[in-house]
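Working notes for the structure below.
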Amino acid sequence: MLGPQVWSSARQGLSRGLSRNARGWASGQGRKVDIAGIYPPVTTPFTATAEVDYGKLEENLHKLGTLPFRGAVGGVCGLANVLGAQVCQLERLCLTGQWEDAQNLQHRLIEPNTSVTRRFGIPGLKKAMDWLGYYGGPCRAPLGELSPSEEEALRADFTSNGWL
């Protein structure tokens, strides 16, 4: 894991390197390189047992947020496993400038997304998949199934937003 000092110096070095005059280049003398619109790749970290390391992925995304790049493409869409059509619809609404409809849909997706990615994780995602006609299947060790109270809370998150 890289500490904050390493990220800070890397960010400063990158900024200095990209801001230097491009002497003798076809791009012209004295011009700065604009890195707006360049997106750094994000690889998926895995644990020693070949499971996705979601904690490390979240940590990496937070660190990348401090780099001098603007914008983002893509996302970590665990919810797309159960509400894929709705996640794609959200993208279409944004691409066509239907911002009010996109915002309304986004607000309906937030609570279920939080449930299957952060609050209940993989067991919650698998349970929601089962409810919506997909095969979630049993969780592999060391993960366990949801307790009855957790399952009830997950169902409430999907029901209150009109998905169940």
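The values are calculated or read from the model by the stated rules, or taken from the named source; none is laboratory data. This one's a predicted model, so the numbers in the text were calculated from it and none came from an experiment. FYI the Cβ positions are ideal-geometry reconstructions off the backbone, even for glycines, and counts take in every protein chain you see. Each accessible area value is taken on the protein alone, full model and side chains, heavy atoms only, with ligands, DNA and RNA left out. Shrake-Rupley method; radii C 1.70, N 1.55, O 1.52, S 1.80 Å.
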(message) So in the range 87-135, with the set limited to residues that are without any contact (Cβ under 8 Å) to a residue 40 or more places away in the chain and polar (S, T, N, Q), which one is surrounded by the fewest Cβ atoms within 10 Å (Cβ to Cβ)?
(response) Thr96
(message) Testing Gly71 on (1) at pLDDT below 90; (2) out of contact with any Ser or Thr (no Cβ under 9 Å at 6 or more places or on another chain); (3) open to solvent by 70 Å² or more (accessible area, probe 1.4 Å), one condition comes back false. Which one is that?
(response) (3)
(message) Which condition from (1) within 18 Å of Ile110 (Cα to Cα); (2) among the charged types (D, E, K, R); (3) open to solvent by 40 Å² or more (accessible area, probe 1.4 Å) is the one that Asp157 breaks?
(response) (3)
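This table checks each residue for (1) farther than 27 Å from Glu51 by Cβ; (2) polar (S, T, N, Q).
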site	(1), (2)
Asn81	no, yes
Leu93	yes, no
Arg108	yes, no
Glu111	no, no
Asp130	no, no
Tyr134	no, no
